[in-house]
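Structure first, then comments.
The values are calculated or read from the model by the stated rules, or taken from the named source; none is laboratory data. Just so we're clear, the structure is a prediction, and the values are computed from it rather than from any experiment. Cβ sites come from the backbone with ideal geometry, for glycine too, and all protein chains shown count toward neighbours.
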Amino acid sequence: MLERIQESLDYLVSGPYPWFAAAIVLFLFILWIAARRQPASIIAFDSPNGEVRVARTAINELVQRTGNTMSTVGKCSTLVRTRGGSLHIEVRIKLLAGSKLSEVSSELHGRLSNTLRENLAIDKLAGIDVVVVGFTGKIESDYLPVSAPSSYLDDGASDPLEEEK
């Protein structure tokens, strides 16, 4: 019985079947890559004269410039994708230390939505995700961690731990 199974496997491996299977897998992989590929430009709106498209790089630049105008955002980078004909933007920011994330996020959403609608006439905005990737600036808080270096303290302020000694 084992010999018969071994002969069948040897025939399958030595014949043309592995090449057909490899070709099918390669073809499916290429189709998968092509389906996931994002277009270089995005349709902003349709006019009577045809489609008006905006390059993905132009959207990236506009979103970054809008984010960088905010004093609470240190650095801004973007990822622009389309899903089902709608625009989806992921904004990665460095937040100014001591800023309230909910307020910064709300203001950033509002500014970006208005900027994209007013400047580029993009109405198919699916969503804007804000991701904080780091912090910048000096901590300006009365509640410092116990191990905070004295450089975090404001000028002229004394370290409360030193006063207790």
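Answer with yes or no whether residue 151 is in a helix (DSSP H, G or I) and at pLDDT 85 or above.
So residue 151 fails the test.
Among (1) part of a loop (DSSP other than H, G, I, E, B); (2) of a type in the set (A, V, I, L, M, F, W, C); (3) surrounded by fewer than 10 Cβ atoms within 10 Å (Cβ to Cβ), where does residue 33 come up short?
The one condition residue 33 does not meet is (1).
Only one of these is within 22 Å of residue 36 (Cβ to Cβ), surrounded by 13 or more Cβ atoms within 10 Å (Cβ to Cβ) and small (Gly, Ala, Ser): 77, 99, 105. Name it.
Going through 77, 99, 105 in turn, just one is within 22 Å of residue 36 (Cβ to Cβ), surrounded by 13 or more Cβ atoms within 10 Å (Cβ to Cβ) and small (Gly, Ala, Ser): 77.
Among the candidates 59, 93, single out the residue that is among the β-branched types (Val, Ile, Thr), in a helix (DSSP H, G or I) and touching a strand residue (DSSP E or B) at 6+ places or on another chain (Cβ under 8 Å). Show your work before the answer.
Working: 93 fails: in a helix (DSSP H, G or I).
On inspection, the qualifying residue turns out to be 59.
Based on what the data block shows, is residue 71 touching a Lys or Arg at 6+ places or on another chain (Cβ under 8 Å) and either part of a strand (DSSP E or B) or loosely packed, with under 14 Cβ neighbours inside 10 Å (or both)?
Judged against the criteria, residue 71 is not a match.
Could you check, for the stretch 36-53, whether at least one of its residues is surrounded by 10 or more Cβ atoms within 10 Å (Cβ to Cβ), in the same structural domain as residue 129 (by TED's automatic domain parsing), β-branched (Val, Ile, Thr) and assigned to a helix (DSSP H, G or I)?
No, the stretch 36-53 contains no residue that is surrounded by 10 or more Cβ atoms within 10 Å (Cβ to Cβ), in the same structural domain as residue 129 (by TED's automatic domain parsing), β-branched (Val, Ile, Thr) and assigned to a helix (DSSP H, G or I).
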